[in-house]
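**Student:** Quick one: the structure is below, and I'll ask about it shortly.
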Amino acid sequence: MRKIIHIDADSFYASVEIRDNPSLRHLPVAVGGSPDKRGVIATCNYNARAFGVRSAMSSAKAVLLCPDLVFVRPRFEVYRSVSKDIHTIFRDYTDLIEPLSLDEAYLDVSECKACKGSATLIAEEIRARVRQDLRLTVSAGVAPNKFLAKIASDWNKPDGIFVIRPQDVKDFIPQLPVRKINGVGKVTAAKMEALGITTCGDLQRLSKDDLERHFGSYGERLYNLSRGVDNRPVQTEWVRKSLSVEHTYDHDLQNLDAILDSCEPLFEELLERFNRISDAYLVSKRFVKVKFADFTQTTLEELLPGYSGQWRSLPDYLRLMSAAWARQKKPVRLLGMGVRLRDPKNNNLGEQLSLF
Ligand code: DCP
Ligand code: MG
């Protein structure tokens, strides 16, 4: 069973603007183009939403709904930089992060050991840290999959959290309106309503065949979602830049022989780890790391000019390790070895780089 958190910042652009200009705090605020220049609203704070102002609305219509609306020009560089700061907090809990936009992301925290592994406490901690460090609020949804986590983050918005535990899914899902399902827009919702379907519970009464007859290739997905089933993985855009293994020894290794003897198990472990990552990665360099007993350390790496499989050579690692050790010739507390990787997306795209 996975533990997924969906995080979505509250009225993101507007909250950043109000944070940086507190005199706006109690006013209805919209970020976007001004009404006299046929501008559009990117977002607005909840105060403005009470008047019916919404994202993507024309600014002209927004001032009709809310005559006192304060317009602020967007500062995208600032939002991008805040987004990076939020992701830095995320990365203290997991590397499995799928950004959906600047202010929204899925986190797979199934393997996270923080907060005794409680996804709910992790989500609360992330919310608290964003509030303290960045003076912004984010809402969180915690659930066993992406579909439910996203619904959950919206449930108690703004500045809220909602948790759907695996055992809660069966009771939660039947009452859920179909329009909460990602992919069910106005047209599909109307079609469903004509069939007497307004909730996931109604959908559950249709067979897979019925759903496919009415909704085509989307039918099977509806069958699963209406039961709270969603196996899509959290897909990171994160690219591994290196892979390495290291070991700290109980007793310092006193001489080169002891060091070289310790290399083979490390090399085996490196091969094993390498075989577990995507085979799209190519190796550009091999490297070794030596930490001496006095905690000084050195790394030595070498470029692999030929085909990338040639990094798999224990004698070459031994040669590199000897050279690294020879820099100080002292007892050693830690040895490491690894490879630097090429971005799999750029393997055949050398020319594309020149475009930038
Ligand atoms: N955005 C935009 N145009 C839209 C929708 C959004 O420019 N049509 C921008 C402004 C938002 C940001 O993207 O601040 C994030 O979008 P959200 O849908 O998450 O909206 P908010 O964060 O503003 O509000 P909420 O509290 O509902 O998440
Ligand atoms: Mg948001």
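**Student:** Given 25, 91, 54, which one is touching a residue at least 12 places away in the same chain (Cβ under 8 Å) and either open to solvent by 40 Å² or more (accessible area, probe 1.4 Å) or more than 16 Å from ligand 2 (Cβ to nearest atom) (or both)?
**Tutor:** 54
**Student:** Let me ask another. Report yes if residue 125 is free of Cβ contacts under 8 Å to residues at least 60 places away in the same chain, at negative phi and within 16 Å of ligand 1 (Cβ to nearest atom), otherwise no.
**Tutor:** Spelling it out, it is not the case that residue 125 is free of Cβ contacts under 8 Å to residues at least 60 places away in the same chain, at negative phi and within 16 Å of ligand 1 (Cβ to nearest atom).
**Student:** Now a separate question. Based on this model, can you work out whether residue 74 counts as within 16 Å of ligand 2 (Cβ to nearest atom), open to solvent by 30 Å² or more (accessible area, probe 1.4 Å), on the phi < 0 side of the Ramachandran plot and assigned to a loop (DSSP other than H, G, I, E, B)?
**Tutor:** yes
**Student:** How many residues does the range 108-138 contain that are farther than 22 Å from residue 10 by Cα and open to solvent by 20 Å² or more (accessible area, probe 1.4 Å)?
**Tutor:** 7
**Student:** In the range 1-59, which residues are more than 29 Å from residue 145 (Cα to Cα) and of a type in the set (Ser, Thr, Tyr)?
**Tutor:** Selection gives 23, 34, 58, 59.
**Student:** Give the range 58-105 a look and list any residue that's touching a strand residue (DSSP E or B) at 6+ places or on another chain (Cβ under 7 Å) and more than 19 Å from residue 234 (Cα to Cα), or say none.
**Tutor:** Once the filter is applied, which keeps residues that are touching a strand residue (DSSP E or B) at 6+ places or on another chain (Cβ under 7 Å) and more than 19 Å from residue 234 (Cα to Cα), the range 58-105 yields 58, 59, 62, 69, 70, 71, 72, 74.
**Student:** Could you look through the range 4-50, keep only residues that are of a type in the set (A, V, I, L, M, F, W, C) and in contact with a Pro (Cβ under 6 Å, 6 or more places away or on another chain), and pick out the one that is nearest to ligand 1 (Cβ to nearest atom)?
**Tutor:** Step one: list which residues in the range 4-50 are of a type in the set (A, V, I, L, M, F, W, C), which gives 4-5, 7, 9, 12, 14, 16, 18, 24, 27, 29-31, 40-42, 44, 48, 50.
Narrowing the set further to residues that are in contact with a Pro (Cβ under 6 Å, 6 or more places away or on another chain) leaves 31, 42, 48.
Working: 31: 7, 42: 3, 48: 11 Å.
Looking at the filtered set, the residue picked out is 42.
**Student:** Another question about this same structure. Enumerate the helices (runs of 4 or more DSSP H) found wholly within the range 183-277, keeping only those where 3 or more residues are out of contact with any helix residue (DSSP H, G or I) (no Cβ under 8 Å at 6 or more places or on another chain) and more than 26 Å from residue 172 (Cα to Cα).
**Tutor:** Details: elements: 186-194, 200-204, 208-215, 219-225, 256-276.
Hits in the range 183-277: 256-276.
**Student:** For residue 85, state whether it is at pLDDT 95 or above, more than 15 Å from ligand 1 (Cβ to nearest atom), open to solvent by 30 Å² or more (accessible area, probe 1.4 Å) and not assigned by TED's automatic domain parsing to the domain that holds residue 28.
**Tutor:** Working: at pLDDT 95 or above: yes; more than 15 Å from ligand 1 (Cβ to nearest atom): yes; open to solvent by 30 Å² or more (accessible area, probe 1.4 Å): yes; not assigned by TED's automatic domain parsing to the domain that holds residue 28: yes.
So residue 85 fits the description; yes.
**Student:** Could you say whether any residue in the range 29-38 is within 14 Å of ligand 2 (Cβ to nearest atom) and open to solvent by less than 10 Å² (accessible area, probe 1.4 Å)? Working first, answer last.
**Tutor:** Filtering the range 29-38 down to residues within 14 Å of ligand 2 (Cβ to nearest atom) leaves 31.
Restricting the remaining residues to those that are open to solvent by less than 10 Å² (accessible area, probe 1.4 Å) gives 31.
Checked against the condition, which is being within 14 Å of ligand 2 (Cβ to nearest atom) and open to solvent by less than 10 Å² (accessible area, probe 1.4 Å), the range 29-38 yields at least one hit.
**Student:** Still on this structure: One residue is enough: does the range 74-82 have a residue meeting the conditions more than 14 Å from ligand 1 (Cβ to nearest atom) and under 30 Å from the mean Cα position of the chain (by Cα)?
**Tutor:** To start, the set of residues in the range 74-82 that are more than 14 Å from ligand 1 (Cβ to nearest atom) comprises 77, 81.
Applying the additional criterion that residues be under 30 Å from the mean Cα position of the chain (by Cα) yields 77, 81.
The answer is yes; a qualifying residue exists.
**Student:** Confirm whether residue 105 is over 19 Å from residue 225 (Cα atoms) and buried (at least 20 other Cβ atoms within 10 Å of the Cβ).
**Tutor:** Yes: the conditions hold for residue 105.
**Student:** Return the only residue of 18, 7 being assigned to a strand (DSSP E or B) and within 25 Å of residue 162 (Cβ to Cβ).
**Tutor:** 7
The values are calculated or read from the model by the stated rules, or taken from the named source; none is laboratory data. These numbers were taken from a predicted model, which means no experiment stands behind them. In this analysis, Cβ positions are derived from the backbone assuming ideal geometry, glycine residues included, and neighbour counts consider all displayed protein chains. Calculation scope for accessible area: heavy atoms of the full protein, side chains included, ligands and nucleic acids excluded. Shrake-Rupley method; radii C 1.70, N 1.55, O 1.52, S 1.80 Å.
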